[in-house]
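Encoded as structure tokens, the structure appears first; notes follow it.
The values are calculated or read from the model by the stated rules, or taken from the named source; none is laboratory data. Being a predicted model, the structure only gives us computed values, none of them experimental. Glycine gets a Cβ as well: all are built from the backbone with ideal geometry, and neighbour counts include every protein chain shown. Just so you know, the surface numbers come from the protein's heavy atoms only, side chains and all, with ligands and any DNA or RNA stripped out. Shrake-Rupley method; radii C 1.70, N 1.55, O 1.52, S 1.80 Å.
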Amino acid sequence: MKEQDIKILVFKISDEYYATNIIEVERILGYEKTTKIPDSPEFVEGVINYENNILPIISLSKIFKLPSSVVGEESKIIVAKQNNGKIGIIVDFVSEVKDIQTNNIEESPKIIRGISKRYIKGLIKIDGKIIIYLNISAILTDKEQNQI
């Protein structure tokens, strides 16, 4: 692997492709029903037992204000590392792990700013698709992390 190559995990949410650096991913689990927690933020689907710990499961489609996806057979939970713990992220479909060169990542357009600028590292053009490259560890603000 060349120095400017990185490994990304490509996944789909609400008909859009996203990717994150594989370093931010601990594991990919099959979808399992979550236990709902009363009064939790809207983007929190619930919790599951993961390695004898409580793992909060969040919905990126709710954070990104996308149409909600229906959980199907292909749905997965990506266990992502956060600064002070882990979260599970529901995705519709995990596509592949891919090596890409960093020069294939373009900066986000100037119109993307504010909140999304925090977690969008850039755009990747491969195979005729545009994939949104996320910084999963920055998806939740400190305040949101404290809410869960």
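Within the set of pairs 6+ apart or on separate chains, which have a first residue in the range 69-80 that is over 19 Å from Ile8 (Cβ atoms), a second that is outside any strand (DSSP E or B) and at pLDDT below 90, and C-beta atoms under 9 Å apart?
Ser69/Ser14; Ser69/Asp15; Ser69/Ser61; Ser75/Ser69
Name the single residue, out of those in the range 27-48 being hydrophobic (A, V, I, L, M, F, W, C) and open to solvent by 50 Å² or more (accessible area, probe 1.4 Å), that is nearest to Asn135 (Cα to Cα). Lay out the reasoning, then the answer.
Applying the first criterion (hydrophobic (A, V, I, L, M, F, W, C)) to the range 27-48 yields 28-29, 37, 43-44, 47-48.
Filter again for open to solvent by 50 Å² or more (accessible area, probe 1.4 Å), leaving 28, 37.
Numbers: Ile28: 17, Ile37: 26 Å.
Step by step, filter the range 27-48, then rank; the result is Ile28.
From the residues in the range 63-91 that are farther than 18 Å from Asn21 by Cα and modelled with pLDDT of 90 or more, which one is farthest from the chain's Cα centre (by Cα)?
Glu74
Return yes or no: is Lys110 part of a loop (DSSP other than H, G, I, E, B), modelled with pLDDT under 90, more than 16 Å from Glu16 (Cβ to Cβ) and open to solvent by 60 Å² or more (accessible area, probe 1.4 Å)? Don't jump to the end; show me each part of the working.
Numbers: part of a loop (DSSP other than H, G, I, E, B): yes; modelled with pLDDT under 90: yes; more than 16 Å from Glu16 (Cβ to Cβ): yes; open to solvent by 60 Å² or more (accessible area, probe 1.4 Å): yes.
In short, yes.
Only residues in the range 124-148 that are open to solvent by 40 Å² or more (accessible area, probe 1.4 Å) count as the first member; pair them with residues that are among the hydrophobic types (A, V, I, L, M, F, W, C), Cβ under 6 angstrom, at least 6 apart or cross-chain, and list the lot.
Every condition considered, the pairs that remain are Ile130/Leu123; Ile148/Val44.
What is the one condition in (1) free of Cβ contacts under 8 Å to residues at least 12 places away in the same chain; (2) in contact with a Leu (Cβ under 8 Å, 6 or more places away or on another chain) that Pro38 does not satisfy?
Only one criterion is unmet by Pro38, namely (2).
Can you name the residue in the range 68-91 that is among the charged types (D, E, K, R) and either on the phi > 0 side of the Ramachandran plot or in a loop (DSSP other than H, G, I, E, B) (or both) and, of all such residues, is least open to solvent (accessible area, probe 1.4 Å)?
Of all residues in the range 68-91, those among the charged types (D, E, K, R) come to 73-74, 76, 81, 86.
Those still in the list that are either on the phi > 0 side of the Ramachandran plot or in a loop (DSSP other than H, G, I, E, B) (or both) too: 73-74.
Working: Glu73: 184, Glu74: 106 Å².
Checking each candidate, the answer is Glu74.
Out of the range 14-26, which residues are surrounded by fewer than 22 Cβ atoms within 10 Å (Cβ to Cβ) and closer than 14 Å to Ile139 by Cβ?
Initially, the range 14-26 is screened for residues surrounded by fewer than 22 Cβ atoms within 10 Å (Cβ to Cβ), giving 14-17, 21-26.
Scanning the range 14-26 gives Asn21, Glu24, Val25.
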